[in-house]
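Trainee: My structure is below; once you've seen it, I'll send some questions.
The values are calculated or read from the model by the stated rules, or taken from the named source; none is laboratory data. Just so it is clear, the structure is predicted and the values come from calculations on it, not from any experiment. All Cβ positions, even for glycine, are placed from backbone atoms using ideal geometry, and neighbour counts span all protein chains on display. Accessible surface is based on the protein model in full, side chains and every heavy atom, while ligands, DNA and RNA are left aside. Shrake-Rupley method; radii C 1.70, N 1.55, O 1.52, S 1.80 Å.
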Amino acid sequence: MRRGRVPHAYLFTGISGIGKTSVAKAFTMRLNCHAPSGLDGCGVCPSCRKMLNGNFPDFISIEPDGQRIKIEQIRELNRSLGYAPLSGGYRVCVIHRAEAMTGEAANAFLKTLEEPPPGNIFVLNATEPRDLLPTIVSRCQRVSFMPLKAREIAEQLNKETHLDGSSVSILARAADGSLGRALKMGESNYLERRQTWLKTLFELYDCSGAEAMNMAVESAKESRAGLDQPGNKKVGLFDMLSVWASCYRDLLLVRTGAPKDLLINEDFFGQLKETASGLSLQNLIESFQMVDRAVRDLYRMRNPTLVMENTLLNLQKMAS
Ligand SMILES: [Zn+2]
């Protein structure tokens, strides 16, 4: 923008909730601003105000319809691109989860990228660019978004929410670098459920096989959901497994004598220490992998009760 040379297609990559869409919006605002200063829009001109109010006519957003972005959606986009931008400036089209385009949709979109109508800029958002057609990737200017530091997430949570200090610190550590994820966690009952899930896992090491089976049946009753699923705001099985994975990560760190402030579940330090002392490194590594495998099995739509029985019994057996 400083040199007056803006490519017509960008690929923004990185985990969700990290600011890709916010940057696309700020970029659209600056491109169309009547009195920009540096790399920011002024925020007060008619075009900036429309952008801030969410009714700027030349900001188009495309999201998967169900699981995929379908060819009809790309055809409709192409029809609207035939008209010059209404504002007289640039039209920006953001394609969310671009990796979700069907083969047909991707090929149709590739043609648009090869001969883009003037005045249009495309921003493709993707978590995993390997799933995109290489011919699409090569036509885009790539921008990588890095995970945020726990400290940065904590600062923002303090600004945007009314959560208490200890909740902020837990969420900032558990959010995997994603502010969006931290905010969703704060709005759901994640903190409360996390306590229960961690306690269940610690209890597993003091119970019988029959009790472990009961735990498995109980935990399989969690909905097959997760906060990372687009549009979902309820915690579920995937969040439970992600908490367990973070717990094994912590146990490994404690077992190897890493400093306490590296832990995600720092508030459970006492229990982590006690449990880690009874388990070997090899056992902890295998347990971590087992939780990871349970996540993959659930994505493959295996029966949750069977997956949980298998996982909990194996975790328990390894320890004895
Ligand atoms: Zn402006």
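Trainee: Mind giving me the nanometre distance, one decimal, between the label points for residue 76 and residue 203, set 7 Å out from Cα along Cα→Cβ?
Mentor: Label at residue 76, label at residue 203, 4.8 nm between them.
Trainee: Continuing with the same structure: Among 51, 188, 198, pick out the residue whose Cα is farthest towards the positive end of the charge dipole of the chain, where Lys and Arg carry +1 and Asp and Glu carry -1 on C-beta, about the Cα centre.
Mentor: Positive-end residue among those listed: 51.
Trainee: For the residue pair residue 3 and residue 83, what label-to-label distance in nm results when each label sits 7 Å from Cα along the Cα-to-beta-carbon direction?
Mentor: Here the modelled spin labels are 3.5 nm apart.
Trainee: Step through the table entries 50/234; 149/234; 149/184; 25/233, compare each Cα-Cα distance with 20 Å, and write down the pairs that go over it.
Mentor: Working: 50/234 32 Å; 149/234 25 Å; 149/184 17 Å; 25/233 23 Å.
The pairs that break the limit, which is 20 Å between Cα atoms, are 50/234; 149/234; 25/233.
Trainee: Moving on. Rounded to the nearest 20 Debye, what is the dipole magnitude of the range 9-144 about its Cα centre when Lys and Arg each give +1 and Asp and Glu each give -1 at the C-beta?
Mentor: 260 debye
Trainee: Can you pull out the trypsin sites (Lys or Arg not before Pro) in the range 176-211 that DSSP calls coil and that have at most 12 other Cβ atoms within 10 Å?
Mentor: On the way: sites: 181, 184, 193, 194, 199; in loops: none.
Within the range 176-211, no trypsin sites (Lys or Arg not before Pro) qualify (loop, at most 12 other Cβ atoms within 10 Å).
Trainee: For the range 176-231, with only Lys/Arg (+1) and Asp/Glu (-1) charged at the beta-carbon, what is the dipole magnitude about the Cα centre, in debye rounded to 20?
Mentor: Dipole size: approximately 200 debye.
Trainee: On a straight-distance basis, which aspartates and glutamates could pair with residue 273 in a cross-link, Cα separation under 20 angstrom, same-chain partners fewer than 8 positions away excluded?
Mentor: The qualifying aspartates and glutamates are 203, 206, 250, 261, 286.
Trainee: Using 0.36 nm per residue of separation minus the Cα-Cα distance, give me the extension gain between residue 313 and residue 192 in nm, one decimal.
Mentor: Details: separation 121, 0.36 × 121 = 43.56 nm, distance 2.50 nm.
Stretched fully, the residue 313-residue 192 segment lengthens by 41.1 nm.
Trainee: Please work out the Cα center distance from the range 35-91 to the range 226-289, rounded to the nearest Å.
Mentor: When both Cα centres are located, 42 Å separates them.
Trainee: Related question: Which whole-percent values make up P(r) of the range 9-144 when all C-alpha to C-alpha distances are grouped in 5 Å steps starting at zero?
Mentor: Pairs per bin, as whole percents: 2, 10, 21, 22, 21, 14, 7, 2, 0.
Trainee: Okay, next question. Rounded to the nearest 500, what is the 222 nm mean residue ellipticity of the chain from helices alone, with -39500 (n - 2.57) per DSSP H run of 4+ residues and division by all residues?
Mentor: Details: 14 runs with 167 residues, N = 320.
Computed ellipticity for the chain at 222 nm equals -16000 deg cm²/dmol.
Trainee: Starting from the alpha-carbon convex hull of the chain, give the projected area averaged over all orientations, in nm².
Mentor: Numbers: hull surface 74.9 nm².
In nm², the orientation-averaged hull projection of the chain is 18.7.
Trainee: Now a separate question. Let me understand the range 172-320 better: what is its radius of gyration from the alpha carbons, and its Dmax, in angstrom?
Mentor: 14.7, 41
Trainee: Now for a different question. If I ignore ligands, DNA and RNA and count only protein heavy atoms, how much of residue 261 is accessible to a 1.4 Å probe, in Å² to the nearest 10?
Mentor: That residue has around 100 Å² of solvent-accessible surface.
Trainee: Using a simple charge model, +1 on the beta-carbon of Lys and Arg, -1 on the beta-carbon of Asp and Glu, nothing else, what dipole does the chain show about its Cα centre, in debye to the nearest 20? Let's see the in-between values first.
Mentor: Details: 40 positive and 35 negative charges, 236 e Å.
Dipole size: approximately 1140 debye.
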